[in-house]
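Please read the structure below before turning to the comments.
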Amino acid sequence: MSFLSQLKQRIAQRNTPAARLAALVGMARPNLVTTLSGKHDTRGSTLDAIASALDAAWVLIPKEHLAAVQQILEGRDTGPDRAAKSAVELFLEAKQ
């Protein structure tokens, strides 16, 4: 998911109207809409202000950790598979 898609998703999750977000960020609403459309290159400080207004942060994630982070963000845990049978269960089944 692209960074802009993530921003738009966060805006939708928080149900924040563009006018309210623009006021929180300190920029004109049309400029915010243009920024969120991806039509021009946006400064890091602007993205930081938008993230802050959405009670979020943007971070650099090494590619080798990206899949694990995406799973967590999607609500899928990266822990053990609880549905899979344990070694003990497999052993006991084999004994029967």
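Check whether at least one residue in the range 64-81 is over 18 Å from the mean Cα position of the chain (by Cα) and either modelled with pLDDT of 90 or more or part of a helix (DSSP H, G or I) (or both), and report yes or no. Before you say what the answer is, go through the steps one by one.
Kept after step one, since they are over 18 Å from the mean Cα position of the chain (by Cα), are these residues of the range 64-81: 79-81.
Still in the running and either modelled with pLDDT of 90 or more or part of a helix (DSSP H, G or I) (or both): none.
No: zero hits.
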Just the residues that are over 25 Å from ILE61 (Cβ atoms), out of contact with any Lys or Arg (no Cβ under 7 Å at 6 or more places or on another chain), in a helix (DSSP H, G or I) and not polar (S, T, N, Q), please, taken from the range 1-31.
ARG20, ALA23, LEU24, ARG29, PRO30
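Among the listed residues ALA56, ALA49, identify the single one that is among the aliphatic types (A, V, I, L, M), modelled with pLDDT of 90 or more, outside any helix (DSSP H, G or I) and out of contact with any Ser or Thr (no Cβ under 6 Å at 6 or more places or on another chain).
Details: ALA49 fails: outside any helix (DSSP H, G or I).
Only one candidate qualifies: ALA56.
The values are calculated or read from the model by the stated rules, or taken from the named source; none is laboratory data. Quick caveat: nothing in here was measured; it's all calculated off a predicted structure. Because the Cβ atoms are built from the backbone with ideal geometry, glycine has one as well, and the counts that use them run over all protein chains shown.
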